[in-house]
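Participant: Sharing a structure below in structure tokens format, with a few things to ask.
The values are calculated or read from the model by the stated rules, or taken from the named source; none is laboratory data. Given the structure is predicted, the values throughout are model-derived calculations rather than measurements. Neighbour counts are summed over all protein chains in view; Cβ atoms, including those assigned to glycine, are modelled from backbone coordinates with ideal geometry. When the accessible area is computed, the model is the full protein with side chains, heavy atoms only, and any ligands, DNA or RNA have been set aside. Shrake-Rupley method; radii C 1.70, N 1.55, O 1.52, S 1.80 Å.
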Amino acid sequence: MVELPTSDGRPDPILSTAAAYDAIAPRYAATWFEDPTLEPTLDEFLRILPEPAAVLDAGCGPGRDVKAMIARGIEAAGIDISEGMLQEARSRVPNAVFRRMNLDDLLYPPSTFAGIWVCASLQHLPVDAAQRALAEFARILMPSGALFVTVELGEGEQTDEFGRYRKLYSPAEIHSMVTSAGFSVLDERTVFRDKSTLPKPRPKTWLEVMARKNSLRGDTCWDDSTCSCFLCPEDRFALNREIGQLSSTSIIWGDDHLYLAPDI
């Protein structure tokens, strides 16, 4: 088990979890990369995208779901805090973009993605960081953008045998956090699965939430004659998609005021 201390000597749950995933990345990838369990859910999620734009896999692990999205004709990028997981992803899905990034500090401008897929990663953040992450998802989603989140059902906080921190959620708790971040919940379900990375498999019950970003008048252009902006992300990357180039997945860095992307 890996535990990295904070300045006050206590283990940092996020850094310890990242280090744990670094240590088990090959084993994790061998267990999960070919697993098709979530593909029907992924297809359902892709059907509610507001437009066929790019999707961010937030907590992508070894790249399984990014690969599945690309196979379905969706432009997708993955982010993860574990460098070990990113190495697995880059070797297994060499035609995709993977970046090291914290879920609660996304280096993208507003309205970058049509959807964000958050599979079993939000639970590795303490509640305050998870709330910041949900706010970040809302910020970088396009108007009416789609969100999928799955977390483990339960109460309290745990650390498993590998040193991975987990915050367990009740249905009411995750529903409240998602709606407070500016989303309307479209569907909620409970799913039981018994497959695990752990040496002694532990059956788990998962909460799955499909949601859509609430769109305000300021989120979008209501007059094309005054809102068209070739260098702004939405218009720029819509053009890229039309000519068969990468759109928002090509962004190297961004915030609310600026983004960087290669022209070639």
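Participant: Output the helices (runs of 4 or more DSSP H) that fall wholly within the range 11-102 and possess 1 or more residues being within 21 Å of Ala130 (Cβ to Cβ) and open to solvent by 40 Å² or more (accessible area, probe 1.4 Å), or say none.
Facilitator: Correct list: 13-32.
Participant: Please verify whether the range 188-207 includes one or more residues that are under 18 Å from the mean Cα position of the chain (by Cα) and of a type in the set (Phe, Trp, Tyr).
Facilitator: Looking through the range 188-207, at least one residue is under 18 Å from the mean Cα position of the chain (by Cα) and of a type in the set (Phe, Trp, Tyr).
Participant: Of Met177, Met142, which residue is part of a helix (DSSP H, G or I) and of a type outside the set (D, E, K, R)?
Facilitator: From the options Met177, Met142, the qualifying one is Met177.
Participant: Right, another one. If you scan the range 145-174, which residues turn out to be of a type in the set (A, V, I, L, M, F, W, C) and in a helix (DSSP H, G or I)?
Facilitator: The answer is Ala172, Ile174.
Participant: Across the range 141-173, what is the number of residues that are surrounded by fewer than 24 Cβ atoms within 10 Å (Cβ to Cβ), under 24 Å from Pro50 (Cα atoms) and β-branched (Val, Ile, Thr)?
Facilitator: Count: 1.
Participant: Which one of these does Asp128 not meet: (1) buried (at least 19 other Cβ atoms within 10 Å of the Cβ); (2) over 14 Å from the mean Cα position of the chain (by Cα); (3) part of a helix (DSSP H, G or I)?
Facilitator: (1)
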